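**Q** Questions regarding the structure given below will be posed in turn.
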Amino acid sequence: MDKSTDPRGVALVIGAGDATGSAIGARFAREGYVACLTRRSADKLEPAVERIRAAGGAAFGYSSDARKEEDVVALIDQIEKERGPIEVFVFNIGANVPSSILEETGRKYMKIWEMATFSAFLNAREVARRMVARGRGTMLFTGATAGIRGSANFAAFAGAKHALRALAQSMARELGPKGIHVAHLVVDGAIDTDFIRTQFPERYALKERDGILNPEHIAENYWYLHTQPRDAWTFEMDLRPYMETW
């Protein structure tokens, strides 16, 4: 077992994309946690892992299909054995795919639910089992406005994100008394990513006016939730640019 890493434990980010997920991992690594980042292709994690290491942090990337139960169980076992106890769990898989309800297919609807909800259940269950045994831990779920209201052409995404919010809420009520802080973050607005920059240049131009979300600022709020004293835990937090309509 590799125990050369910092004893603060592991911050596990499921769905560590190039922006928000990687920024969250980097934020916790700065505080001495071992950042374990996952996505379907581990090769795509190399830049984020190298940035964290270059800044003096500990980071590891893992390939994982978060929808497959056997893979999830094996991954959590591996991380706990090789890197240390998972003290922070972040679920950050998006699955935002718009479609008219008239054109939506059963296959795509199910795939979006698997990505945004079922995979959250599988990973959270496995981590929660370890955290409850230790009597401590933080579990953070990245939600969206679609988890609060369903917009036109987003039936599948809204259904999945509503279910994710319900999962987090149920877990918070069950696990809070056991010492586990569970929180759901509603990230409402465009995020500073290459996708927004290339596909929505007019929206991206609002960056100069603080009109889109900075991934590092999002990550700062995840860290804040983790550090809250247990006599004043937050379950749900909204994050949006000041000019966002809601």
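The values are calculated or read from the model by the stated rules, or taken from the named source; none is laboratory data. Since the model is a prediction, treat every value here as computed from it, not as a measurement. Backbone-built Cβ (ideal geometry, glycine too); neighbour counts: all protein chains shown. Please note that ligands, DNA and RNA were not included when accessible areas were found on the heavy atoms of the full protein model with its side chains. Shrake-Rupley method; radii C 1.70, N 1.55, O 1.52, S 1.80 Å.
**Q** Just one of Ala116, Ala156, Ala146, Ala152 is touching a Lys or Arg at 6+ places or on another chain (Cβ under 8 Å), over 22 Å from Val13 (Cα atoms) and either open to solvent by 20 Å² or more (accessible area, probe 1.4 Å) or part of a helix (DSSP H, G or I) (or both); which is it?
**A** Ala156
**Q** Still on this model: Search the stretch 63-79 for residues being touching a helix residue (DSSP H, G or I) at 6+ places or on another chain (Cβ under 6 Å) and within 23 Å of Ala219 (Cα to Cα), and hand back the single one that is surrounded by the fewest Cβ atoms within 10 Å (Cβ to Cβ).
**A** Filtering the stretch 63-79 for residues that are touching a helix residue (DSSP H, G or I) at 6+ places or on another chain (Cβ under 6 Å) and within 23 Å of Ala219 (Cα to Cα), the one surrounded by the fewest Cβ atoms within 10 Å (Cβ to Cβ) comes out as Ser63.
**Q** Restricting the stretch 193-223 to residues that are within 16 Å of the chain's Cα centre (by Cα) and among the acidic types (Asp, Glu), which is farthest from Ala124 (Cα to Cα)?
**A** Glu216
**Q** When only residues in the stretch 219-243 that are of a type in the set (A, V, I, L, M, F, W, C) and more than 12 Å from Ala190 (Cα to Cα) count, which is most open to solvent (accessible area, probe 1.4 Å)?
**A** Only one residue fits best here, namely Trp233.
**Q** Among the residues of the stretch 22-44, what is the count of those that are out of contact with any His (no Cβ under 9 Å at 6 or more places or on another chain), closer than 23 Å to Asp194 by Cα, part of a helix (DSSP H, G or I) and modelled with pLDDT of 95 or more?
**A** Residues that pass the stated criteria total 5.
**Q** Sort out which residues of the stretch 219-242 are assigned to a loop (DSSP other than H, G, I, E, B) and either touching a residue at least 24 places away in the same chain (Cβ under 8 Å) or under 19 Å from Gln169 (Cβ atoms) (or both), and write them in order of number.
**A** Gln228, Trp233, Thr234, Phe235, Arg240, Pro241, Tyr242
**Q** Can you tell me which of (1) within 13 Å of Ala116 (Cβ to Cβ); (2) surrounded by fewer than 24 Cβ atoms within 10 Å (Cβ to Cβ) is the one Leu164 doesn't meet?
**A** Exception for Leu164: condition (2).
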